[in-house]
């Protein structure tokens, strides 16, 4: 299953003009990546359901909400009601199956992620129960970090397991993605590239997103 999608991360957008920044990425965005941080699971503090609700009013793009929080279970209904299309939870929190069950009950897509220091074996048992696997290529918590190339071994292992089982699971990568790093991520088997600073800090975000896509999948 090959998707070849670009997901601009609004963590790098200007929150004072979020609707304008989303509009600026235009048709080059396939979905929007929304980083939610609680100041506990990761040291940074970002946004919550009210911002997602506001975002939902100004875009029809798929909203992928990455929950970097200690207790995502108490927030899932709020994000669903705010308009999230999918919520991504961390395997480091323990058995994610109760969270998967709640997401399905809420009719929200199911995503699972792992941090760079977590072995890929931690997520492989859950591949049949998710829609998306997010591989973090920086340590979660802050935007603008440098890409960690070693995580591509995890992408390749996950890609192999997904393909061998014929699963409809997309692989997403987040952290340090730009025109230089996108090709190696795509070659490893990534379907969705999350890009924050490389898109929203560019003079022309739509062109930046287009350039990342072309670098990753030149023949697509």
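The values are calculated or read from the model by the stated rules, or taken from the named source; none is laboratory data. Bear in mind that the values here come from a model prediction, so they are computed numbers and not experimental data. Please note: Cβ atoms are built from the backbone with ideal geometry, for glycine as well, and neighbour counts cover all protein chains shown.
For residue 161, all conditions in the list (1) under 25 Å from residue 195 (Cβ atoms); (2) surrounded by 16 or more Cβ atoms within 10 Å (Cβ to Cβ); (3) without any contact (Cβ under 8 Å) to a residue 40 or more places away in the chain hold save one; what is the number of the exception?
(1)
Among the residues of region 55-70, how many are touching a helix residue (DSSP H, G or I) at 6+ places or on another chain (Cβ under 8 Å) and either farther than 27 Å from residue 4 by Cα or crowded, with 20+ Cβ neighbours inside 10 Å (or both)? Walk me through it before giving the result.
To start, the set of residues in region 55-70 that are touching a helix residue (DSSP H, G or I) at 6+ places or on another chain (Cβ under 8 Å) comprises 55-56, 58-59, 61, 63, 65, 67, 70.
Adding the requirement that they be either farther than 27 Å from residue 4 by Cα or crowded, with 20+ Cβ neighbours inside 10 Å (or both) leaves 55, 63, 65, 67, 70.
Total meeting the criteria: 5.
Please go through (1) in contact (Cβ under 8 Å) with a residue 12 or more places away in the chain; (2) surrounded by fewer than 20 Cβ atoms within 10 Å (Cβ to Cβ); (3) more than 24 Å from residue 10 (Cα to Cα) for residue 101 and return the number of the only condition it doesn't satisfy.
The single condition residue 101 does not satisfy is (1).
Has region 163-174 got any residue that is touching a strand residue (DSSP E or B) at 6+ places or on another chain (Cβ under 7 Å), within 23 Å of residue 63 (Cα to Cα) and assigned to a helix (DSSP H, G or I)?
No.
Which of the residues that make up region 44-54 are loosely packed, with under 13 Cβ neighbours inside 10 Å and either at pLDDT below 80 or within 17 Å of residue 202 (Cβ to Cβ) (or both)?
Passing the criteria: only 45.
Restricting to region 140-153, count the residues that are over 23 Å from residue 37 (Cα atoms) and under 16 Å from the mean Cα position of the chain (by Cα). Steps first, answer last, please.
First, the residues of region 140-153 that are over 23 Å from residue 37 (Cα atoms): 149-150, 152-153.
Remaining after also requiring under 16 Å from the mean Cα position of the chain (by Cα): 152.
The qualifying residues number 1.
Can you give me the number of residues within region 75-90 that are surrounded by fewer than 19 Cβ atoms within 10 Å (Cβ to Cβ) and in a helix (DSSP H, G or I)?
3
So if I check each of 178, 219, which one is surrounded by fewer than 17 Cβ atoms within 10 Å (Cβ to Cβ) and either free of Cβ contacts under 8 Å to residues at least 60 places away in the same chain or touching a helix residue (DSSP H, G or I) at 6+ places or on another chain (Cβ under 8 Å) (or both)?
On the way: 178 fails: surrounded by fewer than 17 Cβ atoms within 10 Å (Cβ to Cβ).
Testing whether each residue is surrounded by fewer than 17 Cβ atoms within 10 Å (Cβ to Cβ) and either free of Cβ contacts under 8 Å to residues at least 60 places away in the same chain or touching a helix residue (DSSP H, G or I) at 6+ places or on another chain (Cβ under 8 Å) (or both) leaves just 219.
Matching residues to (1) buried (at least 18 other Cβ atoms within 10 Å of the Cβ); (2) in a helix (DSSP H, G or I):
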position	(1), (2)
7	yes, no
11	yes, yes
16	no, yes
19	no, yes
24	yes, yes
33	yes, no
37	yes, no
42	yes, no
73	no, yes
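How many residues, within region 197-209, are over 11 Å from residue 21 (Cβ atoms) and touching a strand residue (DSSP E or B) at 6+ places or on another chain (Cβ under 6 Å)?
1
From 209, 202, 214, which residue is in contact with a helix residue (DSSP H, G or I) (Cβ under 6 Å, 6 or more places away or on another chain), over 15 Å from residue 138 (Cα atoms) and in a helix (DSSP H, G or I)?
209
Condition check ((1) farther than 30 Å from residue 38 by Cα; (2) surrounded by fewer than 17 Cβ atoms within 10 Å (Cβ to Cβ); (3) modelled with pLDDT of 95 or more) across all residues:
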{"site": "138", "(1), (2), (3)": "no, no, no"}
{"site": "170", "(1), (2), (3)": "no, no, yes"}
{"site": "188", "(1), (2), (3)": "yes, no, yes"}
{"site": "199", "(1), (2), (3)": "no, no, yes"}
